[in-house]
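Here is the structure we will look at, set down as structure tokens.
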Amino acid sequence: MTILGIETSCDETSAAVIRDGKLMSNVTAAQLFHKKYGGVVPELASRAHQRLIVPVVDEALSNSGIRKDQLDAVAAVYGPGLIGSILVGLSFGKSMALGLGIPFVGVNHMEAHILSNLIDSPKPSFPFVNLTVSGGHTQLVLVRKPFDYELLGETKDDAAGEAFDKVAKMLGLAYPGGPEVDKLAAKGNSKFVEFPRSYLDEDSFEFSFSGLKTSVLYYLRRIEYDKSKNNGDSALVANICASFQAAVVDVLIQKLVRAAKKFQTRDIAIAGGVAANSELRRRLKAVAGENNLSLFIPKFEYCTDNGAMIAMVGYLKMLGGVASDLELTAEPNLELC
Ligand code: KG4
Ligand code: ZN
């Protein structure tokens, strides 16, 4: 069973080929020009997807050594995400499947992030608890088996990655801010400022990061922070980054581990761009060890948006004989379940 997977839900144009569950290629073109606007500009993202989709798919096929006529199905993301971006990959994927006379499979982007944990080995065993943390989402999910999920909680306001990006902007750091904060925090003192941890109530698996973001803003105002100069004090910036990052990481870890205990899973996993955060990875490894949990984190290239995770969902759906109708349309607000 050979599947081509296409991802274009935000600002990465990516395509991958999976054969019998094994990843044969994964090609991603990141649209770095959004940096100068301080965020993703939807219209420019869809234009770039339009320009990149043919070369990216060609390269994914050529790197895999598999010809178009050897494909059994084409899978493409149909939501959630930016509608203009989704439409490029979705229309391309449906047309390609139609032209080749093979099935088309529409893929939910959030499901793909969860199942990105199945791309490499060793893989988590079912059931496991997964935390997807990206620029657009923070979702804690009990994964009973593929296609059988229980959404335990998600963010009520900002996503974890969005909080990183907004705090970085307040500090005058480059976009996307997550990796910048991560880098600077490594040199800072995480106890320098005691920012609030929003645990909501004890039993809740919901998240909230807007209060933390506002606390950072008030703190910066109080110290009359000048972002155009990064306050000329790199130790101060590093300390603020470390303190903010610790507040986010504490909440993410506390809820993930509590969910694993409540649902008695042995395995836990994280996915999405924020899963690249070095402090989250370091602390989670330690906490997993202390709690007898096995931790799974996809390789960095499968944490950020990628075609491989789309191909993986397409592959599993095709194994179950579940193709999609060609009338499937883009769903920018598609829910996980
Ligand atoms: O999954 P992703 O590539 O795109 C979606 O949002 O779907 O995630 C991007 C997010 C951005 O908010 C970025 O700042 C954050 O992931 N990010 C990080 C790190 N690397 C990327 N956040 C914290 N630490 C990092 N090392
Ligand atoms: Zn994503």
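The values are calculated or read from the model by the stated rules, or taken from the named source; none is laboratory data. Since the model is a prediction, treat every value here as computed from it, not as a measurement. In this analysis, Cβ positions are derived from the backbone assuming ideal geometry, glycine residues included, and neighbour counts consider all displayed protein chains.
The condition (being modelled with pLDDT of 95 or more, within 16 Å of ligand 2 (Cβ to nearest atom) and in the same structural domain as L256 (by TED's automatic domain parsing)) is satisfied by just one residue among A163, A186: A163. From the list F147, F128, the one residue that fits, being surrounded by fewer than 20 Cβ atoms within 10 Å (Cβ to Cβ) and either under 26 Å from V274 (Cβ atoms) or of a type in the set (A, V, I, L, M, F, W, C) (or both), is F147.
Annotation: L118 fulfils all but one of (1) within 14 Å of ligand 1 (Cβ to nearest atom); (2) within 15 Å of the chain's Cα centre (by Cα); (3) not polar (S, T, N, Q); the unmet one is (1).
None of V74, V88, V56 is under 22 Å from F147 (Cβ atoms), crowded, with 23+ Cβ neighbours inside 10 Å and among the aliphatic types (A, V, I, L, M) except V74. Whether any residue in the range 269-279 is more than 10 Å from ligand 1 (Cβ to nearest atom) and closer than 22 Å to E154 by Cα is what I want to check. Scanning the range 269-279, I find at least one residue that is more than 10 Å from ligand 1 (Cβ to nearest atom) and closer than 22 Å to E154 by Cα, so the answer is yes. State whether one or more residues within the range 2-16 are out of contact with any strand residue (DSSP E or B) (no Cβ under 6 Å at 6 or more places or on another chain) and surrounded by fewer than 19 Cβ atoms within 10 Å (Cβ to Cβ). There is no residue in the range 2-16 that is out of contact with any strand residue (DSSP E or B) (no Cβ under 6 Å at 6 or more places or on another chain) and surrounded by fewer than 19 Cβ atoms within 10 Å (Cβ to Cβ). When we screen K213, K187, K229, K183 for residues that are surrounded by fewer than 16 Cβ atoms within 10 Å (Cβ to Cβ) and touching a helix residue (DSSP H, G or I) at 6+ places or on another chain (Cβ under 8 Å), the only hit is K187. In the set L82, L131, only one residue is within 18 Å of the chain's Cα centre (by Cα) and outside the structural domain of V17 (by TED's automatic domain parsing); that residue is L131.
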